[in-house]
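Comments concern the structure below.
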Amino acid sequence: MANQKGRRARKRDGKGECNTDRPMLRVLCEDIDREARKKVPKELRGIEGRMELEPFKVNMLSPDDLENVSDEALEAFLPAWEAIRSKPDRALRQEGYRPRIRFRGKELQPAVVLGTDERRTYNDRSYPWGCVCKVVTSVGSGSGVLVGPRHVLTASHVVNWSVPGGVNGVVEVHRAGATVSAVSTIIRVTAFTRVTGSVGWTELDEDYAVLETADAIGDRFGWLGTRRYSSSWDDEPYWYNIGYPGDVGGAMWPTWQRSKWLDEHAWDFGSGRAMDTNADINPGNSGGPMFAWWSEGPYVVAVVSAHDVDDRENFCAGGSDLVRVVRTARGI
């Protein structure tokens, strides 16, 4: 008992402060907690770049809201101050570096997955590759693309609908590793259906939403047009996809793929249309655009929605309502 008291005495002095080189066995709030004593020095205040996130406004659309909205194609915006390239520059080789890790004479695999499919990482801010967006919320991330001055098209299930009124997130324009072209908060979401949890068959053809951002990021980097999908394009390898899959580059690098087909479901006769695709996708690809080039620029016709692990099928959402939702969000 005397030895125990002696050990306790050596751990604290009369002021309750630690007086030993050992870590404390128990941390008490009166030992550690305190309020800030000074303001951040003026020369350090510009470092933070912290954004206050507030709940975004929600604009849910009904069939009546969209009935008189045109589904005519919306033109792309190709800024004169950005180069235009038909395919992006690939990421530098050192950016795909795979470290070698050895432990007790055995080589271990690092916690990085490098895909062997047709998706390729890139680092190119020219148009339209620089219009790729990573959508980040408190529950994860997905993909999107600029389709207006302040407007990003993504999948509805990428939006965090878990809290009434919505919980804000941010849009990162062309994140490539540790660099980002721009970051803007989401201030409004326009959608036809709140897709939550797993995507059901009745929601698959309506799985899209338009995010309105606080800054005019589309005016800076340009945006892609949107167009109603035509079944006459079925099975033709017109389509490109860009996005941020988690299994390639850890959702930190944009990937691209081309020469993919779409096939509209024969049983889907509504203004929202579901379609199969042979594009290689991962959950992080959700919301990424399926687009092709026309003479006047690239147009998006669908977004990546879901995949069936058992049957190895991938699905996208498009149709007339995709264009109408974009028009409504942009107020045109």
Single residue of VAL145, VAL195, VAL167, VAL171 found to be at pLDDT 95 or above and more than 17 Å from TRP256 (Cα to Cα): VAL171
Test: residue in segment 278-295 that is more than 23 Å from the chain's Cα centre (by Cα) and among the small types (Gly, Ala, Ser): yes
Qualifying residues in segment 248-298 (those that are among the acidic types (Asp, Glu) and either more than 14 Å from ASP205 (Cβ to Cβ) or out of contact with any Leu (no Cβ under 9 Å at 6 or more places or on another chain) (or both)) - the one surrounded by the fewest Cβ atoms within 10 Å (Cβ to Cβ): GLU296
The one condition in (1) under 17 Å from ALA329 (Cα atoms); (2) in contact with a Lys or Arg (Cβ under 9 Å, 6 or more places away or on another chain); (3) at pLDDT below 95 that VAL210 fails to fulfil: (3)
Residues being under 15 Å from VAL147 (Cβ atoms), hydroxyl-bearing (Ser, Thr, Tyr) and surrounded by fewer than 22 Cβ atoms within 10 Å (Cβ to Cβ) - total across segment 196-228: 0
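Residue check: is SER295 within 19 Å of LEU74 (Cα to Cα), at pLDDT below 95 and among the hydroxyl-bearing types (Ser, Thr, Tyr)?
Values: within 19 Å of LEU74 (Cα to Cα): yes; at pLDDT below 95: yes; among the hydroxyl-bearing types (Ser, Thr, Tyr): yes.
Yes, satisfied.
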Subset of segment 313-332 [within 20 Å of GLU236 (Cα to Cα) and either crowded, with 19+ Cβ neighbours inside 10 Å or among the basic types (Lys, Arg) (or both)]: ASN314, PHE315, CYS316, ALA317, GLY318, GLY319
Given (1) aliphatic (A, V, I, L, M); (2) surrounded by fewer than 23 Cβ atoms within 10 Å (Cβ to Cβ); (3) not in a loop (DSSP other than H, G, I, E, B), index of the condition VAL303 fails: (2)
Condition broken by VAL326, with the remaining ones in (1) of a type in the set (A, V, I, L, M); (2) touching a residue at least 60 places away in the same chain (Cβ under 8 Å); (3) part of a strand (DSSP E or B); (4) within 19 Å of CYS131 (Cα to Cα) satisfied: (3)
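The values are calculated or read from the model by the stated rules, or taken from the named source; none is laboratory data. Quantities reported herein were computed from a predicted structural model and do not represent experimental measurements. Reconstructed Cβ throughout: ideal geometry from the backbone, glycine too, with neighbour counts over all protein chains shown.
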